[in-house]
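This report refers to the structure that appears directly beneath it.
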Amino acid sequence: MVRLEEIIEKVSAYSPLADVEIIRKAYVFSGVVHQGQTRVSGEPYLIHPLEVANILTGIKMDPQTIATGLLHDTVEDTHTTVEKIEELFGPEVAALVDGLTKISRITFEKKRDQEAENFRKMILAMSKDIRVILIKLADRLHNMRTLGALAPEKQKKIARETLDIYAPLANRLGIGWMKTELEELSYKYLEPERYEALSERLSKEGNVTHDYIAQVKDIIERKLAEHNVAGEVSGRPKQLFSIYKKMQAQDVEFENINDIIAFRVIVESVRECYEVLGIVHSTWKPVPGRFKDYIAIPKGNMYQSLHTTVVGPYGVRMEVQIRTEEMHRVAENGIAAHWKYKEGGAFDGKDDKRFAWLRQLLEWQTELKDSDEFMESIKVDLFSEDVYVFTPKGDIKEFPAGGTVVDFAYAIHTDVGNRCSGARVNGKMVPLKYKLHSGDVVQIITSANHHPSKDWLSFVTSSRARTRIRNWIKTEEREVSLSLGKELCERDFTKHGLEFGRMLKSGELEKIAKEAFGVSGAESLLAAIGYGKISVQQLLGKILPPEQLSPKKVSAFKRMFDKLKPGGKPEARNPVVVKGVEDMMVKFARCCNPLPGDDIVGFITHGQGVAVHLAGCSSLLQADRDRLIDVAWDKKEKSTRPARIEVVCKNEKGLLADMSNAIKAADANITDLLIRSTPDNKAVCNFEVEVTDHAHLKNIMKSLSKVKNVLKVERLKSEGQIGKEAGA
Ligand code: MN
């Protein structure tokens with residue numbers, strides 16, 4: 001078992017200025033909170049964090065990372081909180097521990113290859129700090145080293161995950177030795193019999209192999225000396241797992257795998273690398289197609305080396321890797337070989353440019369076949385632009401950055417999207433706009449009478465969701481307007497003694513639709529009427545002779561004022577937009593008569609489009625909630641609305657003129673007026689004025705209340721109170 005002092009010595013050796021106090025402190029804290037806990041093997045739990053910290057010294061990590069290695073399981077496995085860690089060790093260590101706790105809470109079960117890839121990307125995306133992954137890898141490595149203590153079934157599960165997720169991650173980070181060890185250990189537990197047989201086989205031939213290696217090493221060293229190249233030569237049997245993979249890939253028996261030995265030559269310069277290659281190729285015959293120049297074209301994880309396979313003495317194939325000292329360091333420690341420490345041993349990995357580069361690096365595939373592919377991979381969009389989240393069942397879904405729960409809902413199923421009314425993310429309720437984060441567990445809440453809204457289009461990011469929402473709105477708009485068009489026609493046709501149902505059935509309307517309106521059929525015509533694009537009057541005009549069409553009922557008063565108004569502009573466009581529906585027929589409720597700027601709500605009437613009410617209108621209390629619809633004032637549409645004001649004043653001569661002037665002063669026209677006197681010698685005046693919005697009305701009322709002898713000014717919300725003819 002490694003001792004704390006050994007760890008501290010190692011850190012001080014590679015980073016003499018490092019402040020190692022935090023490591024001691026973390027050790028003491030970890031010891032206290034894990035007190036009494038044991039591993040499955042029966043050993044004290046503290047051994048595990050100590051070993052993890054020790055592994056991290058192997059890749060020369062900074063004191064904060066080593067301390068986190070000691071603390072990595074404290075939040076997950078003890079009562080300690082991230083807040084406590086922050087209080088004691090600062091925000092940096094707290095963030096690292098938090099990252100590790102989050103990753104430890106997700107488990108992976110491979111279903112398809114792509115999922116393993118997504119899972120690796122998710123871990124990368126979740127780890128805002130690259131050190132989280134390195135600590136996780138060290139954690140996994142120690143768990144794999146001590147996997148023997150677990151039940152075989154558990155061993156297999158963890159080994160599978162290691163092989164699918166963590167060994168490739170180590171490879172991507174370029175930490176060659178860790179990748180190799182993780183693969184070797186996984187293989188041992190996944191295929192115990194084969195592993196055993198293979199290693200027995202290798203050790204049986206061990207002596208022969210050993211002699212052979214010594215012989216070849218000797219030849220290479222002599223040749224180097226002849227050419228005045230200083231180099232270090234080593235040879236070893238290849239990794240069991242890589243032999244196994246080769247046997248599988250080539251579908252051959254062990255006897256036929258003949259390049260189980262690999263040599264490595266480490267020299268001082270790149271020039272010497274190629275020189276050594278020349279020496280090797282002139283000594284033994286190279287196997288065609290096996291030479292790879294990773295110096296000219298490095299692997300995505302920065303790995304550089306020359307690889308060649310030659311036919312060595314006795315016809316045995318052997319691989320030779322040639323690289324410089326620096327390349328070797330990178331091959332073994334990957335990105336960790338590039339750590340730079342600031343003064344005091346602080347980690348410098350948060351430098352933005354460097355971090356961006358690291359992220360890019362991680363994305364690059366490791367086995368790139370040629371330089372084109374390499375260049376292509378540089379251009380590929382980075383995974384950090386994507387988020388990876390879970391369904392409640394643990395399936396992984398991928399979304400572009402900014403993806404919301406609505407995107408998620410549509411990714412599950414169109415019906416789920418169309419009925420999505422809310423969501424729980426990691427158990428908490430969130431709004432539909434909630435932006436997903438990698439690692440979120442998302443559960444969609446649906447309700448049968450919830451429907452997509454046009455608003456959703458403003459925040460969804462996936463094209464799938466966008467298309468589905470648009471489709472729904474289109475269909476829905478058509479359905480609503482179709483039934484509205486039918487109702488409008490039925491009512492007005494009856495008034496004129498026409499049988500709507502019969503005309504629809506007989507195809508008469510179909511004909512009119514096509515011939516007189518140039519639309520595709522009766523349904524389209526009715527939908528257009530529902531939309532308000534075509535009026536029932538227009539349709540009737542095509543059916544009835546002009547004299548049978550009754551003139552539009554307009555109050556004499558309004559006609560008079562229309563004549564007086566400069567330009568006499570008739571109805572402007574809808575000043576109200578109905579959310580989710582285009583060009584819906586809109587009318588203002590007479591019970592509350594809303595003005596631009598008021599809070600409003602729409603009510604889908606039977607046959608008369610959408611009635612717009614004040615949000616708090618009492619007539620809506622009994623209304624069918626399903627018929628309520630979101631509406632808003634169209635800010636682009638400048639129009640006036642009639643508003644009614646009741647003024648109570650003393651019954652004095654000339655007061656009406658004063659009030660008219662006050663209204664004019666507030667820049668408004670009077671369109672209707674009703675005056676009555678009361679027994680107590682007061683006058684009650686009901687003005688109808690044209691206002692642009694709520695604020696305009698307020699202004700008018702203020703102006704009126706300043707008039708002498710005016711006692712009370714009030715807005716009338718109900719049209720009935722003025723006794724004006726309805727239906728104009
Ligand atoms: Mn652990």
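The values are calculated or read from the model by the stated rules, or taken from the named source; none is laboratory data. Predicted model only: the values in this text are computed from it and were never measured. Cβ coordinates were reconstructed from backbone atoms using ideal geometry, including for glycine residues, and neighbour counts include every protein chain displayed. The area values use the complete protein model at the heavy-atom level, side chains included, leaving out ligands, DNA and RNA. Shrake-Rupley method; radii C 1.70, N 1.55, O 1.52, S 1.80 Å.
What to note about this one:
- Look at the alpha carbon pairs under 8 Å that are at least 6 residues apart: their mean separation over the length of the range 121-258 gives a relative contact order of 17 percent.
- Counted residue by residue at 0.36 nm each, then reduced by the alpha carbon distance between them, the extension gain from D634 to H413 reaches 76.2 nm.
- Cross-link pairs beyond the 26 Å C-alpha cut-off, checked among K393/K474; K454/K533; K638/K706; K474/K495: K393/K474; K638/K706; K474/K495
- Going by accessible surface with a 1.4 Å probe and the largest first, K10, K635, K238 read K635, K10, K238.
- A full extension of the chain between A230 and N449 corresponds to an added length of 70.9 nm, given 0.36 nm per residue minus the alpha carbon distance.
- Per-residue extension of 0.36 nm, minus the Cα-Cα distance of S660 and R491, leaves a gain of 56.7 nm for this segment.
- Multiplying each eigenvalue of the alpha-carbon gyration tensor of the range 580-721 by 5 and taking the square root yields semi-axes of 33, 17, 11 Å, largest first, rounded to whole angstroms.
- The heavy atoms of H413 present about 100 square angstrom of accessible area, all protein chains included, probe 1.4 Å.
- Förster radius 22 Å - calculated FRET efficiency between L457 and M429, Cβ distance, rounded to 0.05: 0.45
- W472 contributes about 50 Å² of solvent-accessible surface, heavy atoms of the protein only, 1.4 Å probe.
- In Hz, Karplus ³J(HN,Hα) per residue of the range 513-529 (6.51, -1.76, 1.60; θ = phi - 60°; x = Gly, Pro): 4, 6, 7, 8, 10, x, 9, 6, x, 4, 4, 5, 5, 5, 4, 5, 5
- Modelled FRET efficiency - R0 45 Å, F291 with E9, Cβ distances, 0.05 increments: 0.55
- Nitroxide proxy distance, nm - points 7 Å out along Cα→Cβ at S535 and M247: 8.9
- Net charge of neighbours whose Cβ lies under 12 Å from the Cβ of V75, counting Lys and Arg as +1 and Asp and Glu as -1: -3
- Accessible area in the full protein assembly, largest first, 1.4 Å probe, for T678, T494: T494, T678
- Note on D599 and R470: the model spin-label points, each 7 Å out from Cα along the C-beta direction, lie 3.5 nm apart.
- Taking all protein chains together, L56, L88 sort by accessible area into L88, L56, largest first [probe 1.4 Å].
- Taken as Cα centroids, the range 186-207 and the range 255-320 sit 26 Å apart, rounded to the nearest whole angstrom.
- The solvent-accessible area of R24, taken with every protein chain present and a 1.4 Å probe, is close to 80 Å².
- Percent of Cα pairs in the range 187-321 per distance bin of 5 Å, from zero to the largest separation: 2, 9, 18, 21, 19, 14, 10, 5, 1, 0.
- Modelled FRET efficiency - R0 56 Å, H281 with M1, Cβ distances, 0.05 increments: 0.70
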